[in-house]
1. Which is in contact with a strand residue (DSSP E or B) (Cβ under 7 Å, 6 or more places away or on another chain), part of a loop (DSSP other than H, G, I, E, B) and modelled with pLDDT of 95 or more, of Leu242, Leu211, Leu195?
2. Out of all the residues in the stretch 41-58, which are part of a helix (DSSP H, G or I) and farther than 12 Å from Ser90 by Cα?
3. Just checking, which of Thr139, Thr133 is hydroxyl-bearing (Ser, Thr, Tyr), closer than 27 Å to Pro220 by Cβ and out of contact with any Lys or Arg (no Cβ under 8 Å at 6 or more places or on another chain)?
4. Sort out which residues of the stretch 92-103 are buried (at least 16 other Cβ atoms within 10 Å of the Cβ), of a type in the set (A, V, I, L, M, F, W, C) and within 17 Å of the chain's Cα centre (by Cα), and write them in order of number.
5. From the list Gly85, Gly53, exactly one residue is in the same structural domain as Phe29 (by TED's automatic domain parsing) and surrounded by fewer than 21 Cβ atoms within 10 Å (Cβ to Cβ). Which is it?
6. Go through the residues of the stretch 230-237 one by one and say whether even a single one is out of contact with any Leu (no Cβ under 8 Å at 6 or more places or on another chain), closer than 30 Å to Gly36 by Cβ, among the polar types (S, T, N, Q) and not assigned by TED's automatic domain parsing to the domain that holds Val136.
7. Just a yes or no: is a residue in the stretch 108-119 polar (S, T, N, Q) and part of a helix (DSSP H, G or I)?
8. Using the structure shown, decide if Pro181 is modelled with pLDDT under 95 and either outside any helix (DSSP H, G or I) or touching a helix residue (DSSP H, G or I) at 6+ places or on another chain (Cβ under 7 Å) (or both).
Amino acid sequence: MVRTTIILALSLMLSTCLYSADTVLSNCFPVSHSLGSSCVSPNPMRVVVLDTGELDIALALGVTPIAATTPYQVGNFPDYLPLEGIELISLGVVQEPDLERLMTLKPDLILGSRLRHGRLYPLLSSIAPTVFTDKVGATWADNVRLFAKALNRENTAEALLNKIDHHCQQILAEYEIKGRPELSIVRSLQTHIRLYLPDSFIGSVMARCGLQRPSSQSGPGFARRLRSPEQIDLLDGDIVLLSEYSPKQGSLARRWQRTPFWSRLEGHLYKIDDSYWMLGIGPLAVEHILDDLEQIIHDYPIN
């Protein structure tokens, strides 16, 4: 299916010649990114984004894209995003954006990442100026700065990040009073449970705010995957934050809760919203996470 879509889009590109990477746009400026340099309009009006993080970042910077992809199995844009009254065109799921539809929209800027869509860069950059970050997740703050440069909103980006850091400091003050409880970050999927490590979006947010994690979640890497309830002790922490990805499709944690192993968890359990704790990967998601953390840490009893 991916190959068919690419071939179709490529044939359309050749017939319409919408844009060439070698085209010199009037009054554009160069933006260096993970796959080269693109000459971008100082005021792009038809921005397309290829992942939830790019959508979050664009909206946080005051730019409303014309089209975006949605997370796999979720099928709609995350509820936490301020999209009320906005007609945002869906390009299908992140893993397989609808390139034919994208081309018909005639964007003047495409935002994405090498990690997700690097294989499509030659085609995308032939449709419109394309700016790619290298990764997603743990690099969210660097991604904010790169996309802010492409959108000519660098001052707005710095103000956003400064606001987040200030909120972190407020949370950290209360966190110190509460004795620095360890926070376990747990995500339940259909076939396994993930414990997020420092090299992840949520791991980077915890580190940015100076919050402590259990030893089971402090090593290098993105995440640990657990498949047996006999491993349930690895979920524990003073505070256990549990999210579920598309629970209508199934949630392994719910099955584990029906086993005797679940009673071994000793930490204070809180349900968290997967749409921004895990899928958001942008500053608007971070602000929602910090609001939750502020309340959770406030409610945590002093030992």
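The values are calculated or read from the model by the stated rules, or taken from the named source; none is laboratory data. Nothing here was measured: the structure is a model prediction, and the numbers come from that model. As a convention, Cβ positions derive from the backbone with ideal geometry for all residues, glycine included, and neighbour counts pool all protein chains shown.
1. Leu211
2. Passing the criteria: Gly53, Glu54, Asp56, Ile57, Ala58.
3. Only one candidate passes the filter, namely Thr139.
4. Of everything in the stretch 92-103, just one residue is buried (at least 16 other Cβ atoms within 10 Å of the Cβ), of a type in the set (A, V, I, L, M, F, W, C) and within 17 Å of the chain's Cα centre (by Cα), namely Val94.
5. Details: Gly53 fails: surrounded by fewer than 21 Cβ atoms within 10 Å (Cβ to Cβ).
Criteria check complete, one pass: Gly85.
6. The answer is no; no qualifying residue exists.
7. No, the stretch 108-119 has no match at all.
8. no
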